[in-house]
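Everything below concerns the one structure shown next.
We did not get these values from a lab; they are worked out from the coordinates using the rules stated. If you're wondering where the values come from, they're calculated on a predicted model, not measured in any experiment. Note that we place each Cβ from the backbone using ideal geometry, even for glycine, and neighbour counts take in every protein chain shown.
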Amino acid sequence: MSIRLGLVVGLLFAIVVTYLTSINPSRVHVALGGDWAFDIPLMALIAVVFGAGAGLALVLGILRDVTRSDARRTDPLEAEPRMAPAAAAPRTPAAQADRDALIERRRFAEALPIQARVVQAASRDERAAEGAVLAGLHYEIGRERLEKGDRAAAISHLKDALRAQPEFVPAALLLGEAHLKAGEPREALRVWERAAEGPQPALPVLSRIEQLHRSEGRPTRMISLYQDALARHPDNLALAFGLGRVYFELAMLDEAAEQFQKMEVRAPELPLIHAYLGAILERRGQFRDAMEEYRRALRQSDRIEWPHRCAACGAAHSRWVDRCPACRRWNTSRP
C-alpha cells in the first residue's frame, strides 16, 4: 500500500510541476564542472531534486518492509504465535517420563535437574506432589553422598530436600544422623525437634530424639517428649503406645500398665499391647497371666512391630519405610 501511494503522489507532483513550468519560463544556469554546464527551467530543477529525495525515501521504505517480512518468516514465535503454547505443552509429560526412567534406574543425580524444571512448570495444584519428588531426589543423592563419606555434599542435599518439602521425614532423619556422625548432637537434636513439630507425628523422629535423651541420661525428657506429642494428637494410638513403652523401659510399671490398658480398650486386636502387658505381668511375677497375654499377642501376629500404611496408595507396611515399595513414593508411611 505504501508503494502505490508513493507512485500516486509522484504522478500528481509531476503534473503540477509541468503546469508551473509552462507558466514560469525562468531558467537556471547549472555548472557541473569543466564544459559540463547547461540551463534548465527552475521548476524542472525543483522537480528533479524532489524526485531524487522521494525516490530515495521510497527505496529505503521498500528495503525496510522486505527486511521485516523476512524476519517474521524466520522467527517461529513471530510467524506462528498461536502455535507456541501447543508446542510447549508436551514438554512436561515428556520430562516426567524421562525423570521416571532415570529414577527407576536409580540415576537420581541425572533426574534432579529435570525434576527442577518440572516443578517450575507445575501448576499450583501439582506443585506439592512434584515438590515431594524433588525432595525425594535430593534425599537419595544425600544418602549416596553420605555413604561415600562426602558429608558436606550430603548435608547440602538433605537441607535442599527439606526446603523443597519441610515435612520430609526421611531427610530430617538422615540429616540428624549426619550431624551425629560429625560429633554435633545439639544440631542433630535441633533438626529432629523441628521435624517432630510437623502436622503429622513421625514415630522414627520421636524414636531418635528418645534415644538421644536416653544416651544423655535424661529420662524425664523421654517421657515429656511423648506426652507433648500426645497432647497435640490425643487420638493417635502410636504415640500412646510410645509413651507406654517409655514407662516400661524406665521400670515405671504401674504407669505403663495403665497406659496399655487404656489402649487395649480402644484397640484390643493390636498384638504389641498384649506383648507389653505380658512383659509387665512377668516382671511382677504374675507368670500365668503374663503367658496368657503373650499367647494373645502371638495369635494376632507373629511380628512385634508397630504397623504403618502408605498415605498415597494404602499399602500396608510392617514398619516405617522411607519410600513405599508399592507406589514408590517417598515420605508417605504413616502409623
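For this structure, a couple of remarks:
- About its Cα centre, the dipole of region 270-335 is roughly 260 debye, where the only charges are +1 on Lys and Arg Cβ and -1 on Asp and Glu Cβ.
- Whole-Å semi-axes of the ellipsoid equivalent to region 99-146 (Cα gyration tensor, √5λ, descending): 19, 11, 8
- Net charge, Leu281 excluded, C-beta distance under 9 Å - Lys, Arg +1, Asp, Glu -1: -1
- Around Arg266: net Lys/Arg minus Asp/Glu count, Cβ-Cβ under 14 Å: -3
- Three-way shape label, region 241-335, alpha-carbon gyration tensor, a/c 1.5: prolate
- Cα-centre dipole for region 98-252 with unit charges at Cβ (Lys and Arg positive, Asp and Glu negative), debye to 20: 340 debye
- Under-5 Å amide H pairs with His308, H placed in peptide plane, nonlocal only: His317, Ser318, Arg319
- Built amide H within the under 5 Å cut-off of Gln286, gap 5+: none
- Here region 112-203 is treated with +1 on each Lys and Arg Cβ and -1 on each Asp and Glu Cβ, and its dipole about the Cα centre works out to around 220 debye.
- When you work out D = kT/(6 pi eta Rh) for region 199-251 at 10 °C and 1.306 mPa s, using the Kirkwood radius from C-alpha pairs as Rh and the Stokes-Einstein form, the result is 145 µm²/s.
- Across region 222-227, computed HN-Hα scalar couplings (Karplus, 6.51 cos²θ - 1.76 cosθ + 1.60, θ = phi - 60°) run 4, 5, 5, 4, 7, 5 Hz from first to last residue, x flagging Gly and Pro.
- Volume per residue of the C-alpha convex hull in region 136-219, rounded to whole Å³: 83 Å³
- Rounded to the nearest Hz, the phi-derived 3J(HN,Hα) couplings of region 267-274 under the Karplus curve 6.51 cos²θ - 1.76 cosθ + 1.60 (θ = phi - 60°) are 9, x, 8, 6, x, 4, 4, 5, where x marks glycine and proline.
- Of every Cα-Cα pair in region 184-321, the percent that sits beyond 25 Å: 30 percent
- Global form of region 107-179, assessed from the alpha-carbon gyration tensor, a/c cut-off 1.5: oblate
- Residue-wise HN-Hα coupling along region 187-202, computed from phi with Karplus coefficients 6.51, -1.76, 1.60 (Hz; x: Gly, Pro): 5, 4, 5, 4, 4, 5, 5, 5, 5, 5, 8, x, x, 10, x, 10
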